[in-house]
Amino acid sequence: MCRIHALLPRGIHPHFLNPSDLEQSTTRYKQETGNHVHFCKTCGAHMGVFDTGEDQWYISTALFPKDEDVFVLSQHVYTQSAPCGLHEWLPKIGTRELEVWNPSDDSARPVVPKAVIGNDGVDRLLAECHCRNVSFLIDRPKNEVLADSDMKTFVSPIDKTKWKACLDTCNDCRLASGTHVSAWMYVPTMVCDPRESAKLTIYSSSPGKCRGFCGTCGATVCFTYDRPGVSATKSVSCIAVGILHAPEGVRADTWLTWRTEEVGWLDAGRDYDKELYESLNSAYRAWGIAKDGRALDFRLIQS
């Protein structure tokens, strides 16, 4: 749901360490602006954006050891383009208020997706990357899910028309995506398996677990894993919330119930940047209490 960049001075370019190399190790994706997004060819980690006109790099700070003597998180930008985005969950870090900046023109105006309605009259949630090479639909929980004692554990505990979702601050997701905070929705693989997309690039992080990203634009798409002792048809598909096209905004509130008692894998986040992740956790939890009357806690499916 976010990218955190540091703007390097003009003419200062990253120096790659052998055997890595900009051209050989990263894929370049040209945006409409003419700027180039670079991401790892193997795992999809977002490295940064090169502004070709200004000869400047916007480097992803999530790939560096945390040290605010070098990188200081200071502001949210283009928040108007992402209604209900991360800026509502991270208004400050410690006692430092984060600025909010938007351009004076309408270039940050949000593009509101249209609801996808099937021939049966039932709405579906579109998941689609920037270049549209990876695109698929997600159904709401159906009777076959709700009637299954195992599969219904993916369903929201307070609204049976929604799926579970959480924020994730683990080191693996940070390094494999190049972002400080990952956001996932959980669905059974038999309901939605993004790996069926021919355009998806698969990175196997360990046996039974794999990450998927678009090989063209670099969008993080999914994290799937088998569950020991559970049928392969009931493995887990974690879909990146950032690629969801919900009309109500990037949080997909009409589709997802967020676990707000605590961000996922908070201990790992604390080890990396205690002040950042404790600030996020506190504001995120307060948002959950204001929205649902309490901070929701439920099991994140892992086994």
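Scanning the range 54-76 for residues that are assigned to a strand (DSSP E or B), among the polar types (S, T, N, Q) and in contact with a Phe, Trp or Tyr (Cβ under 6 Å, 6 or more places away or on another chain) yields one hit, Gln75. Candidates in the range 91-130 are the residues that are touching a residue at least 60 places away in the same chain (Cβ under 8 Å) and among the charged types (D, E, K, R); of these, the one that is surrounded by the fewest Cβ atoms within 10 Å (Cβ to Cβ) is Lys114.
Thr42 meets each of the listed conditions (1) more than 19 Å from the chain's Cα centre (by Cα); (2) in a loop (DSSP other than H, G, I, E, B); (3) over 25 Å from His245 (Cβ atoms) apart from (1). Checking each residue in the range 152-170 for being at pLDDT below 95 and over 23 Å from the mean Cα position of the chain (by Cα) picks out only Lys152. Taking the conditions (1) polar (S, T, N, Q); (2) surrounded by fewer than 18 Cβ atoms within 10 Å (Cβ to Cβ); (3) touching a residue at least 24 places away in the same chain (Cβ under 8 Å); (4) farther than 28 Å from Leu276 by Cβ in turn, Thr27 satisfies each one other than (2).
Looking across the range 277-303, the residues that are over 17 Å from the mean Cα position of the chain (by Cα) and aliphatic (A, V, I, L, M) come down to Ala283, Ala286, Ile289, Ala290, Ala295, Leu296, Ile301.
Selection of the range 197-211 for residues being surrounded by 13 or more Cβ atoms within 10 Å (Cβ to Cβ) and either at pLDDT below 85 or charged (D, E, K, R) (or both) yields Lys199, Ser205, Gly208, Lys209, Arg211. Kindly provide the set of residues from the range 215-241 that are small (Gly, Ala, Ser), surrounded by fewer than 21 Cβ atoms within 10 Å (Cβ to Cβ) and either closer than 22 Å to His38 by Cβ or modelled with pLDDT of 95 or more (or both), ordered by number. If the condition is that a residue be small (Gly, Ala, Ser), surrounded by fewer than 21 Cβ atoms within 10 Å (Cβ to Cβ) and either closer than 22 Å to His38 by Cβ or modelled with pLDDT of 95 or more (or both), then Gly215 is the only one that fits.
Does Asp21 qualify as being of a type outside the set (Ser, Thr, Tyr), modelled with pLDDT of 95 or more and farther than 28 Å from Ala165 by Cα? Answer is no for this residue.
Can you confirm whether the range 141-163 contains a residue that is in a strand (DSSP E or B) and surrounded by fewer than 16 Cβ atoms within 10 Å (Cβ to Cβ)? It would help to see each step written out before you state the result.
Let us first name the residues in the range 141-163 that are in a strand (DSSP E or B), namely 155, 163.
Still in the running and surrounded by fewer than 16 Cβ atoms within 10 Å (Cβ to Cβ): none.
No, because not a single residue in the range 141-163 is in a strand (DSSP E or B) and surrounded by fewer than 16 Cβ atoms within 10 Å (Cβ to Cβ).
Only one entry of Ser81, Ser74 meets the criterion of being among the hydroxyl-bearing types (Ser, Thr, Tyr), within 18 Å of the chain's Cα centre (by Cα) and at pLDDT below 95, and that entry is Ser81.
The range 193-303 holds strands (runs of 3 or more DSSP E) entirely within its bounds, and those carrying 1 or more residues that are within 20 Å of Asn171 (Cβ to Cβ), assigned by TED's automatic domain parsing to the domain that holds Ala176 and of a type outside the set (Asp, Glu) map to 200-206, 209-214, 220-225, 236-240.
The values are calculated or read from the model by the stated rules, or taken from the named source; none is laboratory data. No experiment lies behind these values; they were computed from the predicted model shown. In this analysis, Cβ positions are derived from the backbone assuming ideal geometry, glycine residues included, and neighbour counts consider all displayed protein chains.
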